[in-house]
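Note sheet for the following structure.
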Number of protein chains: 2
Amino acid sequence: MKHNFGAGPCILPQEVFQEASQAVLNFNDTGLSILEISHRSKEFEAVMAETERLVRELLSVPTGYSILFLQGGASTQFAMVPLNLLPEGGKAAYLDTGTWASKAIKEAKKIGDVTVVASSADTNYTYIPKNYDVPTDAAYFHYTSNNTIFGTEVFETPQSSIPLVSDMSSDILSRKINVADYGLIYAGAQKNMGPAGATLVIVKDELLGKTGRTLSTIFDYQPHIAAGSMYNTPPVFSVYVSMLNLRWLKNKGGVEVIEQENIIKARTLYDEIDRNPLFKGTAVKEDRSRMNVTFVTEDKAHEAAFLDLAKERGLIGLKGHRSVGGFRASIYNALSISGVNALVDAMQEFEEKNS
Amino acid sequence: MKHNFGAGPCILPQEVFQEASQAVLNFNDTGLSILEISHRSKEFEAVMAETERLVRELLSVPTGYSILFLQGGASTQFAMVPLNLLPEGGKAAYLDTGTWASKAIKEAKKIGDVTVVASSADTNYTYIPKNYDVPTDAAYFHYTSNNTIFGTEVFETPQSSIPLVSDMSSDILSRKINVADYGLIYAGAQKNMGPAGATLVIVKDELLGKTGRTLSTIFDYQPHIAAGSMYNTPPVFSVYVSMLNLRWLKNKGGVEVIEQENIIKARTLYDEIDRNPLFKGTAVKEDRSRMNVTFVTEDKAHEAAFLDLAKERGLIGLKGHRSVGGFRASIYNALSISGVNALVDAMQEFEEKNS
């Protein structure tokens, strides 16, 4: 039994893998593979419709918001957000909380004027800046809700009089959010939604079409909305597996239920990190992510040995990102509490061996 | 037994479906699903490397050309090609041979000056224009090698003193090409390469970085080249299945072998269309596509009845695109000669019943 703590693409429920595997051979008793069906078939149109409906239901997306499944990942949204929301000559506000936030800022600067309202670069992004001012004359305020690399998360939705835009790639569907607080939310699928290759965008329709900019059709949200995410051939299989995963989440009881599980998983692991004298967390406690738990050994010499022990115990994907070092345990929705317990056991075993 | 004549996403070899299905459960004996492995794992790096190597080998891609697997389909390339190759203030030349060519032209016009060298719109794109002049002062000359909707194909590579750019989405890997004749080739995967969600780009390196335009990183070929198609999370599963399909093609003997099969399949079907008094082809004979065979009934009243008969015989995806009507039999690499024979049998059966 392996427990996959990888940061993404990442673990999905075993029953999703089973169903997806079956659909590659025979999708919905059509006698055809999900890989060969037309995206214009009524069978796939039903998949796209159900996927959208599940997102709308699980996140309580209000009317006036469109839900899109696009290609290109969050990195494409770093460009599409300013292309679609930042008027010619206008400016946008960004919060700098890590590598991905910085990349979003860099890309927005290529398209228009950008104000960075605050940054935690001074401590290598160990915390979420607070008490900053968001300029009221900016077109939108962008922040990254969870910092996969640095293990921090924004739990309190920023107060903003201008439209909020959030990259929720690594915590969407892990906890309740109030979509009405946002102008636009985007997320690469490959954490809590599905496999790599699809990107979720939830956008308030009334914000679109106001920049005065000529957009390439493919980079313009509006034609994708008009076509129900089928302006061009969608990433069929990634959308299909996302649907299976969203069904799984709904059957579990939805976002409220998974949020409680995620709180317990994160608390279990952070408690051990704080108790175990061999380890320490890297992020400040109040901003610790529930999705990506970053920690290091007190003694650098222990690092490789603990990774070896973890591997022996079937715990994989624990090596930390090079920007932080040490370890990163990504404990997304599909990573079970028994996986977290196995990691805690390994940490305790490691403590016994080394003290 | 069903035969899938759909235009794309389309049929792939059964053995590819089998292997892909297995990898969704257990990829390469890792004990992990291909859907949950990190794109930074050595296992996936090997997949990306082999996929690139197979394209290079099967198409004899010379040195000086990079091979990329991107997201977003050909529709994204309609914008990326001019963004990367059309200098500020420069112009590009395009050949208008159908719906997709027209879309490419429309998107290029948003980015720069475009000369349309010739068009077959006058006859609803039943032929490929010839004897046109390509302006020597344009940055590149773009054409669509196979017109999926109208059933025409460009068999003779256009003569051009400026770099040739070709959308080969629906005939790449179906026949031999000389990559050295081109500056850039692109193709959505979902015909002869793999499932939807990946896009192949083959580009001559020396053409890049010369437009004077500030590009969003994600729309710039150069960072993707520098990162070996892993600038951001690639469409892992689509690339993996493409690799399986390219292996299948190599094992069959490569592009030369499949080209001979494709010639026989196309000839068999066109011969029946020309012989059978109930049917007629829509494209002029010399430009008939080997990939997408478009035809109609002489008597419009027969159309629905033939589709019904075909369906009874397990022949699916034959309904023609609304721009042409009638039927379209897409006979891509993985559609067997027995599938073509089954279609010919159905046409003959239909003739007997209706004469």
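Summary of values
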{"quantity": "Footprinting exposure proxy for B:Val116, B:Val340, A:Val239 (fewest neighbouring C-beta atoms within 10 Å first)", "calculated": "B:Val116, B:Val340, A:Val239"}
{"quantity": "Segment B:Lys311-B:Ala227, length gained on full extension (0.36 nm per residue, minus Cα span)", "calculated": "25.6 nm"}
{"quantity": "Cut-off 13 Å between beta-carbons: net charge of the residues surrounding A:His321, Lys and Arg +1, Asp and Glu -1", "calculated": "+4"}
{"quantity": "Extent along principal axes [Cα atoms of the stretch B:108-161; Å; largest to smallest]", "calculated": "30, 25, 18"}
{"quantity": "Dimensions in Å of the protein assembly as shown - Rg and Dmax from alpha carbons", "calculated": "26.4, 92"}
{"quantity": "Shortest-first nm distances, B:Glu298 label point to equivalent points in other copies (7 Å, Cα→Cβ)", "calculated": "9.2"}
{"quantity": "Ranked list, fewest to most other Cβ atoms within 10 Å of each Cβ, for B:Met347, A:Met243, B:Met1", "calculated": "B:Met1, B:Met347, A:Met243"}
{"quantity": "Inter-label distance, nm, simple model (7 Å from Cα along the C-beta direction), A:Asn131/B:Gln348", "calculated": "8.7"}
{"quantity": "Over the stretch B:1-81, equivalent-ellipsoid semi-axes from the Cα gyration tensor in Å", "calculated": "24, 21, 14"}
{"quantity": "Residue-count net charge about A:Ser174 - beta-carbon cut-off 13 Å; Lys, Arg +1, Asp, Glu -1", "calculated": "+1"}
{"quantity": "Sequence-separation-based contact order of the stretch A:254-353, relative, with Cα cut under 8 Å and 6+ spacing, percent", "calculated": "32"}
{"quantity": "Hz values of 3J(HN,Hα) by residue in the stretch B:313-323 - Karplus curve (6.51, -1.76, 1.60), Gly and Pro given as x", "calculated": "8, x, 9, 10, x, 8, 5, x, 5, 4, 5"}
{"quantity": "Long-range amide H partners of B:Ser33 with built H, under 5 Å", "calculated": "B:Phe27"}
{"quantity": "The stretch B:80-148 pair-distance distribution - Cα-Cα, 5 Å bins, rounded %", "calculated": "3, 19, 30, 24, 16, 7, 1"}
{"quantity": "For A:Phe279, residues with placed amide H under 5 Å, excluding near neighbours", "calculated": "A:Glu298"}
{"quantity": "Sites A:Gln22 and A:Glu298 - FRET efficiency at Förster radius 45 Å, r taken between beta-carbons, to 0.05", "calculated": "0.45"}
{"quantity": "Counting DSSP beta bridges with both ends in the stretch A:14-252, the antiparallel % (nearest 5)", "calculated": "45"}
{"quantity": "Scattering curve values for the stretch B:1-143, log₁₀ I(q)/I(0), Debye with Cα scatterers, q = 0.21 Å⁻¹", "calculated": "-1.27"}
{"quantity": "R0 of 51 Å, Cβ-Cβ distance A:Lys285-B:Thr115: FRET efficiency to nearest 0.05", "calculated": "0.20"}
{"quantity": "Quarter of the Cα convex hull surface for the stretch A:196-237, i.e. its orientation-mean projected area (nm²)", "calculated": "3.5"}
{"quantity": "Rg(Cα)/(2.2 N^0.38 Å) for the stretch B:14-252, N = residue count", "calculated": "1.03"}
{"quantity": "Dmax and Rg, reported as Rg then Dmax, of the stretch A:155-286 (C-alpha, Å)", "calculated": "18.3, 58"}
{"quantity": "Net lengthening on full extension, B:Ser355/B:Asp274 (0.36 nm per residue, minus Cα-Cα)", "calculated": "27.5 nm"}
{"quantity": "Inverse mean reciprocal Cα-Cα distance (Kirkwood Rh) of the stretch B:254-353, Å", "calculated": "13.6"}
{"quantity": "Equivalent ellipsoid semi-axes - Cα gyration tensor, the stretch B:217-277, angstrom", "calculated": "38, 16, 11"}
{"quantity": "Chain B, helix-only ellipticity at 222 nm - DSSP H runs n ≥ 4, -39,500 (n - 2.57), divided by all residues, nearest 500", "calculated": "-11000 deg cm²/dmol"}
{"quantity": "Formal net charge of residues neighbouring A:Leu32 (Cβ-Cβ distance under 12 Å; K, R +1; D, E -1)", "calculated": "-2"}
{"quantity": "Label-zone membership for the stretch A:275-313, site B:Asp29, 7 angstrom Cα→C-beta point, backbone N under 19 Å", "calculated": "A:312"}
{"quantity": "Three semi-axes of the equivalent ellipsoid, the stretch A:123-195, Cα gyration tensor, whole Å, largest first", "calculated": "21, 16, 10"}
{"quantity": "J(HN,Hα) series, the stretch B:288-297, from Karplus relation 6.51 cos²θ - 1.76 cosθ + 1.60, nearest Hz, glycine and proline x", "calculated": "4, 6, 7, 9, 10, 9, 9, 8, 9, 8"}
{"quantity": "Stretchable slack from B:Lys250 to B:Glu50, in nm (0.36 nm times residue separation minus alpha-carbon distance)", "calculated": "70.8 nm"}
{"quantity": "Label spacing, shortest first and in nm, from A:Thr136 to its equivalents in the remaining copies (7 angstrom along Cα→Cβ)", "calculated": "6.3"}
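Coordinate-derived values only; no laboratory data. This is a predicted model, so every value here is computed, not measured. We place every Cβ from the backbone using ideal geometry, glycine too, and count neighbours over all the protein chains shown.
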